[in-house]
1. If you scan segment 36-78, which residues turn out to be exposed (fewer than 13 other Cβ atoms within 10 Å of the Cβ), among the hydroxyl-bearing types (Ser, Thr, Tyr) and within 30 Å of residue 117 (Cα to Cα)?
2. Out of the strands (runs of 3 or more DSSP E) lying entirely within segment 44-134, which hold 2 or more residues that are aromatic (Phe, Trp, Tyr)?
3. All but one of (1) crowded, with 17+ Cβ neighbours inside 10 Å; (2) more than 13 Å from the chain's Cα centre (by Cα); (3) without any contact (Cβ under 8 Å) to a residue 60 or more places away in the chain hold for residue 105, so report the exception by its number.
Amino acid sequence: MNGTLKNPNLPSANVKLEDKTTECGAHNYNEDTRELEFVLTQECVVYYEKLTTLKVTMHLSVNINDFYKNDGLTTFVDKMCAFLGIPTNRLRIANVRAGSVYIDFNVVSENTGNSADPNAEASKLAIMKDKMIKAHEAGGLDVGFPVKAITAKV
């Protein structure tokens, strides 16, 4: 948006775009409904690109208040990215919700744009998915909190 990448507001944040009418590109994304809504101002330019992603839901064994009190989101992102060997800008949090803690996140393909081969990118993400699931099954997936369950798909 006007040269600046903006992360979406999570559904759990209950951000009303009506309150952000002057913020070019402010946007909400609902992963469940796959709906994207955003603010356009008079001089605002928005670029949208559909990316190949690994979509993951992870159930952590921690109370959501303790999760946030202990800087859990930053810890989670840092540890997951270190485990996957990716920079933090490739992991996008889609939602965090209670029930212990459920984190929905996407790992974005390394190469984007028209020159990217979607099949090659999907294969790389499938390898990450398998690595994550195998580590969880072996009890070796450290994201800062005990992992109860993982579901993932490319």
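Just so it is clear, none of the values below were taken in a lab; they were calculated from the coordinates. Please read all numbers here as calculations on a predicted model, not as lab measurements. No Cβ is skipped: glycine too gets one built from the backbone with ideal geometry, and neighbour counts run over all protein chains shown.
1. 47, 48
2. Values: elements: 53-60, 91-98, 101-108.
Result: 101-108.
3. Residue 105 satisfies every listed condition except (2).
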